[in-house]
Amino acid sequence: MKLVDCVSEVEQQLQHAKLYFGHGTDNARDEAAWLVMAASGINVGTFDGDWTQELSVQQLAETEKLVLKRIHSGQPLAYILNSAWFAETEFYIDERAIVPRSHIGEWIPECFEPWLDPTGVQDVLDLCTGGGCIAVALALVLNQARFDAVDISTDALAVAAINARRHAVSDRIRLIQSDLFTALPDHRYDLILCNPPYVADQLMDELPLEYSHEPEIAFSGGSDGLTIIRQVLAESRAHLTQRGLLVVEAGSAALSVESAWPTVPFTWLMSANGESVVFVLSADELDAFGQRFV
Ligand SMILES: C[S@@+](CC[C@H](N)C(=O)[O-])C[C@H]1O[C@@H](n2cnc3c(N)ncnc32)[C@H](O)[C@@H]1O
């Protein structure tokens, strides 16, 4: 069977099983292609584009095994493969940390220009770092900058350590276990990034099966989804340099952010899929609003 035909067949199977696609892909076709290539030992990063190549009996058998595992376990494919792609980079991942998929990754290749001048960035804080994907991907672009990557979960930090080592940036990324800013050194950063838990209580029960394999602490954002975002807004200014920038993904809490602080001049960045769930605020804009976030 040709690769392209196998992908179509798997796409049908995944579609029929009514799985959720949102952990590295957003549709059955892309996930089918990822699955078949992984099962067949075809490297996505170096794929030559030959969709007409014939798959061997063994490649087809491996594909079948993987399809059945994905359908029957409900695990995100990234966990089954221990592999996820984020900001054009491959990461190790397992159930100790959420599967990387933050929209923040879309602005990593350009280092958040024009909201930030990347040439002036020396110190970066990645709050709620999880498996470290944001810190590591940005460290590969800003190859002189130093990073503090913070998470409350030692499990997640263990995954982040694997990724920092894998991409040879361990010497520039300090992993810190902390409840947000609590255990941080007295230090100011040029850039603070945060993809926090932001799912409101009433939405937690509606999350698809795939999410039940991920750490609950990565999602739960309290009654309005804003528990962590509120703290980040209130405390970031004290940790930013004069020309610093705060970047936060608010996800499903984006509307709550707007209605909680209607006079704050959030700049919402538009993702490739048309969603605007990531905001940026400069240190000046945070100054103007003062301490009124709490
Ligand atoms: C949505 S995940 C983001 C992970 C990673 N940055 C990413 O984009 O894939 C949120 C992370 O916040 C961490 N977290 C939750 N509450 C925290 C807190 N109070 N302080 C620090 N980290 C926290 C969770 O352990 C989880 O790893």
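Any read-out appearing in this document is the output of simple, stated calculations on the displayed coordinates, not a laboratory observation. In this text, all values refer to a predicted model and were calculated from it rather than measured experimentally. Cβ coordinates were reconstructed from backbone atoms using ideal geometry, including for glycine residues, and neighbour counts include every protein chain displayed.
Please identify the GluC sites (Glu not before Pro) of region 18-98 that satisfy two criteria: DSSP loop assignment and at most 16 other Cβ atoms within 10 Å. Which are they?
Sites meeting the loop and neighbour criteria: Glu88, Glu95.
I'd like the trypsin sites (Lys or Arg not before Pro) in region 90-172 restricted to DSSP loop residues with at most 13 other Cβ atoms within 10 Å, sorted by number.
none
Under the classification rounded if a/c is under 1.5, otherwise prolate if a/b is larger than b/c and oblate if not, where does region 121-250 fall, given a ≥ b ≥ c as square roots of the Cα gyration tensor eigenvalues?
Working: a/c = 2.16, a/b = 1.33, b/c = 1.62.
The shape class here is oblate.
Taking every DSSP beta bridge that has both residues in region 98-289, what percent is antiparallel when rounded to the nearest 5?
30
Just flag the GluC sites (Glu not before Pro) in region 158-245 sitting in loop per DSSP whose Cβ has no more than 11 other Cβ atoms within 10 Å.
Sites meeting the loop and neighbour criteria: Glu206.
In the P(r) worked out for region 3-81, what percent of Cα pairs fall beyond 14 Å? Kindly include the intermediate steps, with their values, before the conclusion.
On the way: 1775 of 3081 pairs.
Value for region 3-81: 58 percent of Cα pairs lie more than 14 Å apart.
Could I get the Rg over Rh figure for the chain? Both from C-alpha atoms, Rh via Kirkwood, rounded to two places.
Numbers: Rg = 20.0 Å, Rh = 20.1 Å.
That ratio equals 1.00.
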